[in-house]
Amino acid sequence: MDTSIIIPEGFPYAGNNLEEIISPDSVQQRVGEIGREISGMYQGKVPIIIGVLNGAFLFMADLVRHLDIQFEVDFIKIDSYGDGTKSSGTVRLLKDISADITDRDVIVVEDIVDTGLSLKFLKHRMEEASPKSLRFATFLYKPDVASTELEIDWTGFSIEDRFVVGYGLDLKQIYRGLPGIYAVNEEGK
Ligand code: IMP
C-alpha cells in the first residue's frame with residue numbers, strides 16, 4: 001500500500017491516503033498492447049482519433065505513440081462529474097470536435113467508463129455525423145457501475161467501484177499527472 005500521498009485539506013477525502021492499484025509499468029505495457037491491436041486493425045486506413053478531455057489526455061498521448069499507421073487527432077470536451085466524486089447524471093458538451101468525421105474511421109479515446117453516461121452521449125454525438133466506422137477505447141472500466149449494453153472495443157483495465165486518480169484522472173482537478181492509477185484508501189485515515 002502506498003501511504004506517501006495524503007489528500008490535502010479542502011479536497012474530497014481530505015486526510016485519506018492514495019493506494020497504488022495499477023503501477024506505472026503496467027499502465028505503459030497495457031497501452032502498448034492496445035496500440036499494437038489498433039495498428040493491426042487499421043492498416044492502410046487513416047482513422048481520426050478523438051480524445052475526450054480532460055481525463056484522456058495522457059492515455060491519448062501515450063497511445064498514439066504506439067501506432068504505426070497514419071492517423072489524425074481531434075478532441076471533445078465534456079463534463080459529467082464537475083468537481084465532485086460522483087456522476088451528476090447529466091453530460092454537458094463543453095467543446096465539440098472540429099473535424100468532419102462523416103465517412104471517416106473514428107476511434108474515441110476515453111479515460112474511464114463509470115456509469116457509461118458519457119460514453120452514450122459520445123456515441124450519439126458521433127453517430128449524428130455518420131462516420132464510416134466508430135470504435136471506443138477506454139483506459140479504465142468499472143463493470144459494477146456501468147450498464148451492460150455498452151459496446152467498448154478496447155479496455156485497459158477493469159477496476160472495482162472505487163474513486164481513482166492518476167494517469168489523467170483527477171480529484172477536484174489535482175493528481176492528473178500521477179503515472180499510475182491510485183484509489184482513495186478510505187480506511188487509511
Ligand atoms: P460516466 O459518464 O459515469 O461513465 O463517467 C465518466 C467520467 O466521469 C470520466 O470521464 C471521468 O471524468 C469521471 N470519473 C468517473 N469515475 C471516476 C473516478 O474514479 N475518478 C475520477 N474521475 C472519474
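Only the coordinates and a few stated rules stand behind these numbers; no lab work does. Everything numeric in this text was worked out from a predicted model, so none of it was measured. A quick note on method: Cβ atoms are made from the backbone with ideal geometry, for glycine too, and the neighbour counts reach across all protein chains shown.
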(request) Please report Rg over Rh for the stretch 97-189, where both radii come from the alpha carbon positions and Rh follows the Kirkwood definition. (result) 1.04
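For LEU53, what charge total do you get from the other residues with a beta carbon under 13 Å from its beta carbon, if Lys and Arg give +1 and Asp and Glu give -1?
Taking every Cβ under 13 Å from that of LEU53, the sum is -2.
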(request) Would you tally the net charge around LYS86, using a Cβ to Cβ cut-off of less than 15 Å, leaving LYS86 out, and scoring K and R as +1, D and E as -1? (result) -4
(request) Would you be so kind as to identify which of MET60, SER98, TYR182 lies farthest towards the positive end of the dipole of the chain, taking Lys and Arg as +1 and Asp and Glu as -1 on Cβ and the Cα centre as origin? (result) SER98
(request) Give a residue-ordered list of calculated ³J(HN,Hα) values for the stretch 49-54 (Karplus: 6.51 cos²θ - 1.76 cosθ + 1.60, θ = phi - 60°; whole Hz; x for Gly, Pro). (result) 9, 10, x, 9, 7, 8
(request) Averaging sequence separations of C-alpha pairs under 8 Å and six or more residues apart, then dividing by the length of the chain, give the relative contact order as a whole percent. (result) 25 percent
(message) Under the rule of at least 5 residues apart or a separate chain, name every residue whose amide H is placed under 5 Å from the amide H of GLY156.
(response) THR138, PHE139, LEU140
(message) Net charge within 14 Å of GLU160 by Cβ-Cβ distance, Lys/Arg positive one each and Asp/Glu negative one each, not counting GLU160 itself?
(response) -3
(message) With the cut-off at 25 Å, tell me which of the pairs LYS142/LYS172; LYS45/LYS95; LYS132/LYS172 have Cα atoms farther apart than that.
(response) LYS45/LYS95; LYS132/LYS172
(message) Give me the extension gain from SER133 to ASP79: residue separation times 0.36 nm, minus the current Cα-Cα distance, reported in nm with one decimal.
(response) 17.0 nm
(message) Antiparallel versus total DSSP beta bridges in the chain: what percent is that, nearest 5?
(response) 35 percent
(request) Grab the beta carbon distance between GLU186 and SER87, set R0 = 22 Å, and tell me the FRET efficiency rounded to 0.05. (result) 0.75
